[in-house]
1. Which GluC sites (Glu not before Pro) does segment 78-173 hold that lie in a coil by DSSP with at most 16 other beta carbons within 10 Å?
2. So what is the relative contact order for the chain, in percent, with contacts set as C-alpha pairs under 8 Å and at least six apart?
3. About the Cα centre, and with charges only on the beta carbon of Lys, Arg (+1) and Asp, Glu (-1), how big is the dipole of segment 1-118? Nearest 20 debye, please.
4. Which whole-Hz ³J(HN,Hα) couplings does segment 136-144 yield from phi under the Karplus relation 6.51 cos²θ - 1.76 cosθ + 1.60, θ = phi - 60°, glycine and proline marked x?
5. Taking amide hydrogens as modeled 1.01 Å from N in the peptide plane, which residues meet the under 5 Å criterion relative to ALA14, leaving out close sequence neighbours?
6. Once you have a ≥ b ≥ c as the square roots of the Cα gyration tensor eigenvalues for segment 1-146, tell me rounded if a/c is under 1.5, and otherwise prolate or oblate according to whether a/b is larger than b/c.
7. Filter the trypsin sites (Lys or Arg not before Pro) in segment 31-75 to those in DSSP coil with at most 16 other Cβ atoms within 10 Å of their Cβ, and list the result.
8. Enumerate the calculated ³J(HN,Hα) couplings along segment 57-74 in order (Karplus 6.51 cos²θ - 1.76 cosθ + 1.60, θ = phi - 60°), each rounded to whole Hz, writing x wherever the residue is Gly or Pro.
Amino acid sequence: CIDRHLPEKANKTAFIWEPNNPDSKNKIITYQNLHDEVCKVANALKSLGIKKGDRVCIYMPMIPELAYAVLACARMGAIHSVVFAGFSANSVADRINDSACKVVITTDAMSRGTKQIAVKAIVDEALTQCTSVERVLVVNRLNWEVPMSDGRDVDYEKERAHAATHFEPAILQ
């Protein structure tokens, strides 16, 4: 759905992201930026073993990486389950288990007004009740130091840094 806009709108605004803090600067994402980031995330997910038909849980605040993750899953034919980032660990676990997600995409933490919430800690607690999750892709949002489980947790930036900006869309029927 992004590709069709690139020939004429590559440098035009696809969306504007407004940060939690009204004093912080917004972020303008062009269609080209969006396409490149979506492809990078799709390639990162592929490197983690995700393929067409697999399920991915997205437990993140409203940040650009959320849009990238949703569109990357659609691009590769993976099924995504967006879970509201205010849910408890038990609620997150229920949604992961209901869809047998292989990967969770989350953040270290998030801001809601002036309150900061340890999102990765909620995911870690939820995963004590889940058996299907193989990997957790962690976006560094607030620069919190969070425990990373060897073999399971992956730094988003490191994974997307070497990912290609091309990913052929999956054909779904």
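1. GLU134, GLU145
2. In percent, rounded to a whole number, it is 22.
3. Magnitude of the dipole: close to 220 debye.
4. 10, 9, 10, 8, 7, 9, 10, 6, 7
5. ILE29, THR30, TYR31
6. The shape class here is oblate.
7. Here the trypsin sites (Lys or Arg not before Pro) that fit, given the DSSP loop and packing criteria, are LYS51, LYS52.
8. These are the phi-based 3J(HN,Hα) values: 8, 10, 10, 9, x, 6, 10, x, 4, 5, 4, 4, 5, 4, 5, 5, 4, 4 Hz.
The values are calculated or read from the model by the stated rules, or taken from the named source; none is laboratory data. If you're wondering where the values come from, they're calculated on a predicted model, not measured in any experiment. Don't worry about glycine lacking a Cβ; one is built from the backbone with ideal geometry, like all the others, and counts go over all protein chains shown. In case anyone asks, the SASA skips ligands and DNA or RNA and just uses the protein heavy atoms, side chains included. Shrake-Rupley method; radii C 1.70, N 1.55, O 1.52, S 1.80 Å.
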